[in-house]
Amino acid sequence: MGEYFHSVRLDESKCKGCTNCIKKCPTEAIRVRKSKARITDERCIDCGECIRVCPYHAKRAITDSIEEINEFKYKIAIPAPAIYPQFKNNFTREDILTAVKRLGFDEVLEVSMAADIVSLKTRELIDKGEYNKPLISSACPAVVALIKVMFPNLVDNILKFDPPFEIAATLARKTAVGKTGLKPEEIGVFFISPCAAKVTWVKSPVGKDKSQINGVLSITDLYLKILSNLHNNDKADKFDLSSFEGIRWANSGGEALSSGTENFLAVDGIANVIKIFEEIENDNIEGIDFVEALACPSGCIGGPLTVENVYTAKMRMKKIIADAKNIKNSQINIDLVGDITWGNSIEYKPIMKLDENMSVAMQKIEDMEVIFNGLPGLDCGACGSPTCHALAEDIVRGIANETDCIFKLRDKVRELAREMMDLEAKMPPVMDKEVDVKLEDKV
Amino acid sequence: MEGNVLKLKYLIPNNDFLNVGMASSNMKKVLKQIGVHPSKIKNASVAMYEAEINACIHAGGGNAEIEVYPYKIIIKIIDNGPGIPNVDLAMQEGYSTASDEVRQMGFGAGLGLPNIKKHADEFEINTIAGEGTEVTIIVNF
């Protein structure tokens, strides 16, 4: 798939080259070049902030289309729990799962089942105490990517379990193989996602070579069809349902509450996550065993590929969770899931390094300060970089020029205008046609 | 840049408890941009942060003067505060001369100087009662 795959893409026809996304990006990954936004691959963490903030809807996540499920003999949908509060509370979980199934699937398995498994394994780990405190959840791929590029000291704190959506896929496929007798490759597992980061994870997994998920469908793309099915359905099918704890993962704090320790910290919204990680990196936060960090405000229910506003969704989740408490949990066949620990290790990819050669980098720091002091400090974004500091950095990195700054350009124009005025005042005698001066007077 | 040293200077404001830590935070950013190993960045940041806090809460602020070499960093935190009368006592874990107001804010646990010792490769305190203190922290890369 190439070294970088990012699901967040730009529709150039809609992009105005404004400053909204370049300023919102938490890793300063976007620049405007040739009047269009350009995302720097190494810095993008697929958090979807740019999708959220673009007023022209030029940013989107590429996801797969529902038609792709037809490439498989047996089709399984694994929806994220964030799907439930997209619909009004008069629809039950089983209503919604039935409506999803009617999209053309043979089976539907809740991702929250796998979340229950991760909670179980996390509790075991926390109980044993054999981990670097604080343990940081790996459920949010954008946060894992953030750690990779910006927080090297926290790599060893990451909980190295596969995320629930991946585990659900393994579980779904193995169960289906057992049930249908089909070959594993004849079974299509499709994840219904609230976010772009999970799409990226599936195409380019962390901790393993290849995902068990065949395709990722966005909640936004399926919403209207599911709604239509909900209104058509008379009776809901029966499903094995997860506990309320698994569904609660969709809310910020949900995973933390099931982690087996009360000494947890739950943070949501990528800017807040960055602040907290900086504190943790400095050893400024004490007594915390577990950190749940989600890039989206209020958690996955606030993902960029959801439909409902997050406060309505939060309210609906209350009832969904309350109803779920009345249901006896389904027994999950944990043996089918196998080892959920990462097979591959994760590398730190330092994006902030100015140069491979430390001495050159040190010189660049000095140059950067000089350049920065000459810039107006307005962070206007007109140069295509998010801040004056970023422009100074871009200049030393060789990807921008001082004249990109329109204020510096205006200063230069004024300078040139002055020079021109001076020149204009000094006409050579041959051209000097000032009317009042007579030749006799001059002599 | 003279020789192979990058010089950084930061102001440590007086009694600005809510914003203290800006100097060590800025230094950390520079070290990331130079490509210093993450564990070394952590050592330098934690050590400097503790010295910075001390200057802020005990000495009315001060200055951070830093020299970054390819193979090490020398951090000097200089203040014109009251000085440290008994350095050995100050180095004891739990010993603190912080006021009640400062302790209420969560500072003054008495672990700052020991924490610097833990994270620095070399650590020196030069202090004159009534004149001020200069803390020197060296972390080798």
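Quick notes
- Restricting region A:344-362 to residues that are crowded, with 17+ Cβ neighbours inside 10 Å and at pLDDT 90 or above, the residue that is farthest from the other protein chains (Cβ to nearest Cβ): A:355
- Filtered residues of region B:15-38 (kept if facing another protein chain (nearest Cβ under 10 Å), assigned to a helix (DSSP H, G or I) and not hydrophobic (A, V, I, L, M, F, W, C)): B:24, B:25, B:28, B:29, B:32, B:33, B:38
- Exactly one residue out of B:50, B:93, B:67 is within 14 Å of chain A (Cβ to nearest Cβ), among the charged types (D, E, K, R) and either part of a loop (DSSP other than H, G, I, E, B) or in contact with a Gly (Cβ under 7 Å, 6 or more places away or on another chain) (or both): that is B:50.
- The lone exception for residue A:287 - which of (1) over 20 Å from residue A:80 (Cβ atoms); (2) buried (at least 21 other Cβ atoms within 10 Å of the Cβ); (3) at pLDDT below 95 it fails: (2)
- On inspection, residue A:183 does not qualify as surrounded by fewer than 22 Cβ atoms within 10 Å (Cβ to Cβ), basic (Lys, Arg) and under 29 Å from residue A:306 (Cα atoms).
- Residue B:41 under 10 Å from the mean Cα position of the chain (by Cα), within 11 Å of chain A (Cβ to nearest Cβ) and not hydroxyl-bearing (Ser, Thr, Tyr): no
- Within region A:179-219, the set of residues being more than 28 Å from residue A:9 (Cβ to Cβ) and touching a residue at least 24 places away in the same chain (Cβ under 8 Å) comprises A:180, A:182, A:186, A:187.
- So residue A:224, is it of a type in the set (A, V, I, L, M) and in contact (Cβ under 8 Å) with a residue 12 or more places away in the chain: no
- Residue satisfying condition, being crowded, with 16+ Cβ neighbours inside 10 Å and part of a loop (DSSP other than H, G, I, E, B), within set A:386, A:376: A:386
- Of all the criteria given as (1) over 23 Å from the mean Cα position of the chain (by Cα); (2) within 14 Å of chain B (Cβ to nearest Cβ); (3) surrounded by fewer than 17 Cβ atoms within 10 Å (Cβ to Cβ), the one not satisfied by residue A:326 is (2).
- Residue match in region A:213-222 (condition: outside any loop (DSSP other than H, G, I, E, B), in contact with a Pro (Cβ under 6 Å, 6 or more places away or on another chain) and either basic (Lys, Arg) or over 24 Å from residue B:45 (Cβ atoms) (or both)): yes
- Residue that is nearest to the other protein chains (Cβ to nearest Cβ), among those in region B:1-14 that are touching an Asp or Glu at 6+ places or on another chain (Cβ under 7 Å), part of a strand (DSSP E or B) and hydrophobic (A, V, I, L, M, F, W, C): B:6
- In the set (1) touching an Asp or Glu at 6+ places or on another chain (Cβ under 6 Å); (2) at pLDDT 95 or above; (3) within 30 Å of residue A:170 (Cβ to Cβ), residue A:24 fails one condition alone, (3).
- In region A:52-75, the residues that are in a loop (DSSP other than H, G, I, E, B) and not acidic (Asp, Glu): A:54, A:55, A:56, A:57, A:58, A:62, A:63, A:65, A:72, A:73
- Residues of region A:263-311 classified as in a strand (DSSP E or B) and of a type in the set (Asp, Glu), total: 2
- Residue A:80 vs. criteria more than 30 Å from residue B:44 (Cα to Cα) and either touching an Asp or Glu at 6+ places or on another chain (Cβ under 8 Å) or not charged (D, E, K, R) (or both): yes
- Residues in region A:301-339 that are modelled with pLDDT of 90 or more, among the aliphatic types (A, V, I, L, M) and over 21 Å from residue A:199 (Cβ atoms): A:315, A:317, A:320, A:321, A:322, A:324.
- Some residue of region A:405-415 being within 14 Å of chain B (Cβ to nearest Cβ), touching a helix residue (DSSP H, G or I) at 6+ places or on another chain (Cβ under 7 Å) and outside any loop (DSSP other than H, G, I, E, B): no
- One residue from B:128, B:137, B:84, B:116 being surrounded by fewer than 17 Cβ atoms within 10 Å (Cβ to Cβ) and of a type in the set (Val, Ile, Thr): B:128
For (1) touching a residue at least 60 places away in the same chain (Cβ under 8 Å); (2) buried (at least 24 other Cβ atoms within 10 Å of the Cβ), each residue gets a yes or a no:
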site	(1), (2)
B:9	no, no
B:23	no, yes
B:30	no, no
B:35	no, no
B:67	yes, no
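- Candidates are the residues of region B:37-65 that are among the hydroxyl-bearing types (Ser, Thr, Tyr) and in contact (Cβ under 8 Å) with a residue 12 or more places away in the chain; the one that is surrounded by the fewest Cβ atoms within 10 Å (Cβ to Cβ) is B:49.
- Residue A:270 more than 14 Å from chain B (Cβ to nearest Cβ) and crowded, with 23+ Cβ neighbours inside 10 Å: yes
The values are calculated or read from the model by the stated rules, or taken from the named source; none is laboratory data. None of these values were measured; they are calculated from a predicted model. With ideal geometry, Cβ positions are generated from the backbone for all residues, glycine too; neighbour counts draw on all protein chains shown.
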